[in-house]
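Worksheet for the structure shown next.
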Amino acid sequence: MTREPVVDLRSDTVTRPTAAMRRAMADAAVGDDVFGEDPTVRALEGRAAEVLGKAAALFVASGTMANQIALLCHTRPGDEVVVGEGAHVAWYESGAGAAWAGVQFAVAGRGGTFDASDVEAATKPNAYYLPRTSLVAVENTHNRAGGRVFPADAIARIAAFCRTRGLGLHMDGARIWNAAAATGSSEAALVADADTVSACFSKGLGAPVGSVIAGPREVVERARRFRKMLGGGMRQAGVIAAGALHALDHHRARLRDDHANAAAIAATLATSEHVEIDRTSVETNIVIFDLRSVDGETFVARAAEQGVLAHAIGPRRIRLVTHLDVDRAMCERAAEVALRAALPS
Ligand SMILES: Cc1ncc(COP(=O)(O)O)c(C=O)c1O
C-alpha cells in the first residue's frame, strides 16, 4: 500500500528550497562577506532595507541572532526589556537575552499584543535601585498568539510613549511578510514606528537560511560588530543570501494562499465539539487550538500515524502552520485527520 505523503504543519520553517531558488543559489556571485566583498549579500541587504523602509540592513544567520543583536544594540547589562506575553525573544531563545545582553524581561498586557498603557505600567521609574527599562519589543506577527497581527494603531501609541521616555522600540518581524499580506499594508509602513526590525527569510518565504536586522545606518554598523562577536561573520554567504533574495522577490505575494489554507483548517476544526478554537485569532498562517478530549501528546502521535505532523505547544494546545510546501488539498486532509485525532479514546 502506498502511503500518502506527509503533511508537515509543525512550522513554516520546514519548507525545502524550490528548484528556481536552488538555481539562484547555485548561480550566486560570491565573495568574502567579512571583508564586505560578497555582492549577493550586499544586494540582499540593500533590497531588504528598501522593502522594510530602513536605511540599512544586515544579513544574519537566524531570527534569534537578529533579535539578540537588537538587544545588544539597544540595552546595557542589567536593563529591562518590555515584551508581550509569550514573546519569542523571551521564550524561545534559550535564555540568550540574559546570557549575552544581560537583560531581564517585563511582560506587558495579555495575549502577546499590548498597548502604550501596558508599556507605561511595565516601565520602571527612574531609580538607581530598579532595573533601567530601555527597550520595548513587539512581535509582528505574534507566534504564540497564533500568528496575530500586532495592531498598527497600538504600535503607533507605543512608539509615541517610547519617544517621550527615551526607550528604544524593536520589532521582532520574523513574519512581518505575513502581517503585510494579511493587512494589505506595506512592510515598510508596518515597521515605520520601530527603530529596528528583525525579519526572517526562512519561515513563510521558504528560504533555507537567514534573517536581517534593519534600522538606522549607525545602529546597523554596531549590529555588524555584534554579529562578529557572536560568531556570525560569514564568508561566501552569497550562496544562502541568493535563496533569501529569491524568496523576498518571489514568495511574498503567495502568502495569502497560506492564510486562506489556515482559515480553511480552522473552519473544519471549529465543527468539532472536541476542539476549542477562536477562529478570529487565525489572521495569518498559524492555527492554534485547544483539545477538550485528549492530551496534546496523544493528538500529535495519532496525527503522525495518519501522515500529519503537528506541534504541541502546551499540554492540550496544538499549533499548525501552513506554508509553501502544503497546498489546499493537503490542508483539507490534515484538518480531517486532526478531527479524528481529537476524538476521545
Ligand atoms: C516570532 C519569531 N521570532 C524569532 C524567531 C527565531 O527565528 P530562528 O528560528 O531563525 O532563530 C522565530 C522562529 O520561529 C519566531 O517565530
Check your understanding: How large is the accessible surface per residue of the chain, computed with a 1.4 Å probe and reported in Å² as a whole number?
Key -> 42
**Study point:** Computed helical MRE - 222 nm, the chain, DSSP H runs ≥ 4 contributing -39500 (n - 2.57), nearest 500
**Key:** -12000 deg cm²/dmol
Point to revise | Amide H contacts of R148 (H built 1.01 Å from N, under 5 Å, at least 5 apart or other chain) | key: H142
**Study point:** Net charge, G86 excluded, C-beta distance under 12 Å - Lys, Arg +1, Asp, Glu -1
**Key:** +2
**Study point:** Principal axis dimensions, largest first and in whole angstrom, of the chain by Cα
**Key:** 59, 52, 35
Review point. Per-residue HN-Hα couplings for segment 170-178, Karplus 6.51 cos²θ - 1.76 cosθ + 1.60 at θ = phi - 60°, whole Hz, x for Gly and Pro?
Key: 10, 10, 7, x, 3, 10, 5, 4, 5
Revision key, fill the gap. Highest GNM mean-square fluctuation among V14, V107, V294, for the chain with Cα springs under 10 Å, belongs to V294
Exercise for review: Just the number, please: carbon plus sulfur as a percent of the accessible area of the chain, 1.4 Å probe, no ligands or DNA/RNA counted.
Suggested key: 51
Exercise for review: Quick one: work out the % antiparallel among DSSP beta bridges in the chain, nearest 5.
Suggested key: 50
Revision key, fill the gap. Connecting every pair of Cα atoms under 10 Å apart in the chain and solving the GNM, the largest mean-square fluctuation among P77, P17, P208 falls on P77
Exercise for review: Report the relative contact order of the chain, percent, no decimals, based on alpha-carbon pairs under 8 angstrom and at least 6 residues apart.
Suggested key: 24
Study note, to complete from the structure: Out of A174, A145, A99, a Gaussian network model of the chain with alpha-carbon springs under 10 Å gives the largest mean-square fluctuation to A99
Practice item. If a/c stays under 1.5 just call it rounded; otherwise compare a/b with b/c (prolate if a/b is bigger, oblate if not). Do that for segment 1-47, with a ≥ b ≥ c from the square roots of the Cα gyration tensor eigenvalues. Key: prolate
Check your understanding: Plugging the Kirkwood radius over Cα pairs into Stokes-Einstein for segment 82-165, at a temperature of 4 °C and a viscosity of 1.567 mPa s, what D comes out in µm²/s?
Key -> 98
Review point. Residue-wise, which Karplus ³J(HN,Hα) couplings in Hz belong to segment 328-345, taking 6.51 cos²θ - 1.76 cosθ + 1.60, θ = phi - 60°, and x for glycine or proline?
Key: 4, 4, 5, 5, 5, 5, 4, 5, 5, 4, 4, 4, 5, 5, 8, 5, x, 5
Study note, to complete from the structure: Note to self: Kirkwood Rh of segment 153-253, Cα pairs, one decimal, Å, is 14.9
Practice item. Report P(r) for segment 172-329: all Cα-Cα distances, bin width 5 Å, range 0 to the bin holding the largest distance, values in whole percent. Key: 2, 8, 14, 17, 17, 14, 12, 9, 6, 2, 1
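The values are calculated or read from the model by the stated rules, or taken from the named source; none is laboratory data. Because the structure is predicted, anything quoted here is derived from the model rather than measured. Because the Cβ atoms are built from the backbone with ideal geometry, glycine has one as well, and the counts that use them run over all protein chains shown. To get the accessible areas, we keep the full protein, side chains included, count just its heavy atoms, and leave off ligands, DNA and RNA. Shrake-Rupley method; radii C 1.70, N 1.55, O 1.52, S 1.80 Å.
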